[in-house]
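These notes concern the structure reproduced below.
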Amino acid sequence: MTNWDRFLDSFFNARVAAEYLPKIVEGFWLTILLAGCIILAGVAAGLALAVLRSLGIRPLNWLIIFVVDLFRALPPLVVIALLYFGLPAAGLSLSGFAAAWLSLSLVLMAFTEEIFWAGITAVPKGQWEAARSTGLGFFPTFSLVVLPQALRMVVPPLTNRTIAITKGTALASVVAVPEILGAAQAGVSFSFNPTPLTLGAIAYLVLFLPVVILGRWVETRFAWKR
Amino acid sequence: MPKATGPIVEARGIHKHFGALHVLKGVDLAVHERELVFVIGPSGSGKSTLLRCLNRLEEPSGGAITVDGIDILDRRTDINKARQRIGMVFQAFNLYPHMTALGNVALALRKVQGLPRAMAEDKARRALERVHLADRAGHYPGQLSGGQQQRVAIARAIALEPRVMLFDEPTSALDPELVGGVLAAMRELRESGMTMVVVSHEMGFARAAADRVVFMDGGRIVEEGQPEAIFGNPQQERTRAFIGQISRH
C-alpha cells in the first residue's frame, strides 16, 4: 500500500462513507434545525434589545450593555459548557440541543443587538426631526422612518455575523448533539476511519457555501443608494 | 379659538441654554396671519434655534410660545397634534430615503391624520402638484435633484394644511441653479396666503416677498423692520456690518 492509497483509504473510504452517510445526513438536518432556531431567537432577541435601548431608559440601557458585553466577551463554547454542565448543579438540566441553542442564541443576540443599535444611531437626526415635525409620535417615527433605514444599513454585517455564529453549531458536538460534526465524530470512533469527517466537511460546505453566496448577494442587493 | 386680530405665532421671552451656552437671551417674536417674516443673522446668532423652539424641536429653557392659540410649551399640550399645524422645512431636506416622493408626503396623512391610503395619496398628489412635482411622485429622493427634494419636503409639510410654515435655511444646501425652483415654490405658497417664518440669507427673496425682516445677533433680536428699511437703511451698527457682509457676494 502506497502512501497515496493509505490517504485515500483513510479519508475517502467508500465502504465507510456508505455506512455512515445516513448518520451524516441526519446530522445535516439537525444542524439546519439548530441553526434555524438560533437565527430566529438570536436575531429577534437582538432586535428587541436594540429597540428597548433606543427608548433611552438609563438603568435599562446599563443592563442591556452589561448583558451584551458579557456574551460578546465569553467564548461560545464556555457558555455552552456552563449551561450544559453547570446548570444541573443548580437543579436545572438542559438537553444538549437546548443548551447549544440557548447559548448560541444569547451570543448571536449580543452581537446583533450591537449591529442593530449601530444602525439605529447611524440614521441621521434630521430623519427623526422631519418625522416628528409632521406630528408623528416616537413609536411611529421609530418603526416607520428610522428602523427601516437602520435595517437596510445593517444587512451586510448582520449576514456575516449570523453566518459566523451559525457555524458555531459544530460546538454542540461537545454536548452530545448528533449534528454534523457530532455524527461524524461518532462515525470515526466506530469505524476507526476518518472518512466520516470528510463527509462532515462536505456536508458543511453543502450547507454553508450557498449561505455565504446568498450573503454576498444580499450585500450587493441592499447596498444603499442615496 | 384664536382672535382674528391676534398674532398666529407669539413667542415671549424665549431663553435657551445648551449646557453653559446661552443661545437665546429673551427673544420676543410675533407673527400675524398671512405675514412672511424673515429672520437673518450671523451663524450662531440663535435664529435656527428660535425657529426650532416654535414647534418644540428644541425645548426652550424659559419663556412662552403660542401657535394658533395653542400653548406649545404646556406639558399637557398634545405636541403631535399641535405640530400638524406647524409645517417645517429643513436645510438638509430630510426626506425619507426609503419612500417615494408620494410616500414621503402621504406618511403623516395616513399615520397622523389617519386617512385611508387612497385618500392620503390623493391629497399627497395634490400637494406635489402645488410644487410642480406631480410627475415625480414615484421617484425616490435619491433620484431627485436637491431642489426637487426640497420641494417634496415643502409638499410634505403643506399636505397637512398647516397654519404656519417654518423654513430653516431652505436653500443653503442647494447648488445655485437649483435655488430658483425652491424660491418659486415658496413664493407661490406665500401668494396662497400662508403664514411663513423663514430663516435664510436669500436677500433678493426677502426684498421681494418679506413683510418684515428680523435681524438677530448674540441670541437677541437687534433690529426689525420692513425689508427696505433693514437692508437699505439699518439703524444699528451690528445690522449694518452684517448687511454689508452678506451684500458683498
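Of all beta bridges that DSSP places with both ends in the protein assembly as shown, some 55 percent have antiparallel geometry.
Close amide H pairs (under 5 Å, H built 1.01 Å from N) link B:GLY26 with B:ILE14, B:HIS15, B:LYS16, residues at least 5 positions away or on another chain.
Scattering from the protein assembly as shown was approximated by placing one identical point on each alpha carbon and applying the Debye formula without solvent; log10 I(q)/I(0) at 0.06, 0.08 1/Å stands at -0.43, -0.64.
May I ask you to give the percent of accessible area on the protein assembly as shown that is carbon plus sulfur, with a probe radius of 1.4 Å? The computed percentage sits at 60.
Residues in the stretch A:69-78 carry Karplus couplings, in order, of 5, 4, 7, 7, 7, 6, x, x, 5, 5 Hz; the curve used is 6.51 cos²θ - 1.76 cosθ + 1.60 with θ = phi - 60°, and Gly or Pro positions show x.
Across chain A, the relative contact order, built from alpha-carbon pairs under 8 Å that are at least six residues apart, equals 33 percent. With the largest listed first and rounded to whole Å, the semi-axes of the equivalent ellipsoid of the stretch A:22-221 from the Cα gyration tensor are 38, 21, 11.
Burial here means at least 30 square angstrom less accessible surface with every protein chain in place than with the chain by itself, probed at 1.4 Å; in the stretch A:111-136 the buried residues are A:GLN127, A:GLU129, A:ALA130, A:ARG132, A:SER133, A:THR134, A:GLY135, A:LEU136. The B-A contact accounts for approximately 1700 Å² of buried accessible area, totalled over both chains at a 1.4 Å probe radius.
For a quick check of understanding: with a 1.4 angstrom probe and all protein chains in place, what accessible area in square angstrom does A:LEU144 have, to the nearest ten? A:LEU144 has an accessible surface of roughly 50 Å² with all protein chains in place. Computed across the stretch A:114-226, the Kirkwood hydrodynamic radius from all distinct Cα-Cα pairs reaches 17.2 Å.
Determine the shape class of the stretch B:1-132: with a ≥ b ≥ c the square roots of the Cα gyration tensor eigenvalues, call it rounded for a/c under 1.5, and otherwise prolate if a/b is greater than b/c, oblate otherwise. Prolate, since a/c reaches 1.5 and a/b exceeds b/c. Note that chain A presents 51 Å² accessible area per residue, ligands and nucleic acids not counted, probe 1.4 Å.
Counting only DSSP beta bridges with both residues in chain B, the antiparallel share comes to about 55 percent. Classify the stretch A:27-97 as rounded, prolate or oblate, taking a ≥ b ≥ c as the square roots of the eigenvalues of its Cα gyration tensor: rounded when a/c is under 1.5, otherwise prolate if a/b is larger than b/c and oblate if not. Because a/c hits 1.5 or more and a/b fails to exceed b/c, the stretch A:27-97 counts as oblate. If you wrap the stretch B:178-248 in the convex hull of its Cα atoms and look at it from every side, the mean projected area works out to 5.1 nm². For chain A, the 222 nm mean residue ellipticity estimated from helices alone, with every DSSP H stretch of n ≥ 4 adding -39500 (n - 2.57) and the total spread over all residues, rounds to -25500 deg cm²/dmol. Taking all protein chains together and a 1.4 Å probe, the residues A:GLU219, B:GLU161 rank B:GLU161, A:GLU219 from largest to smallest accessible area. Using a 1.4 Å probe on the heavy atoms of the protein chains only, list every residue of the stretch B:88-107 that has 50 Å² or more less accessible area in the complete assembly than in its chain alone. Buried-area filter returns B:ASN94, B:TYR96, B:PRO97, B:HIS98. In the stretch B:48-65, comparing the full protein assembly with the chain on its own, the residues that lose 30 Å² or more of accessible surface at a 1.4 Å probe are B:ARG52, B:LEU57. In the full protein context, the stretch B:9-247 carries 41 Å² of accessible surface per residue, based on a 1.4 Å probe and ignoring ligands, DNA and RNA. Rg/Rh, computed from the Cα trace of the stretch A:169-218 with Rh as the Kirkwood radius, has the value 1.10.
Rolling a 1.4 Å probe across all protein chains gives A:SER93 an accessible area of roughly 90 Å².
Please report the relative contact order for the stretch B:126-249, taking Cα pairs under 8 Å with a sequence separation of at least 6, and give it as a percent rounded to a whole number. Relative contact order comes out at 18 percent.
Partner aspartates and glutamates whose Cα lies under 12 Å from the Cα of A:LYS23, excluding those fewer than 8 positions away in the same chain, are identified as A:GLU179. Which FRET efficiency, nearest 0.05, do B:GLN245 and B:PHE18 yield, Cβ-Cβ r, R0 25 Å? That gives a FRET efficiency of 0.50.
The values are calculated or read from the model by the stated rules, or taken from the named source; none is laboratory data. Predicted model, so just to flag it, every value in this text is computed and none were measured. Cβ: placed from backbone, ideal geometry, glycine included. Neighbour counts: every protein chain shown. Accessible surface is based on the protein model in full, side chains and every heavy atom, while ligands, DNA and RNA are left aside. Shrake-Rupley method; radii C 1.70, N 1.55, O 1.52, S 1.80 Å.
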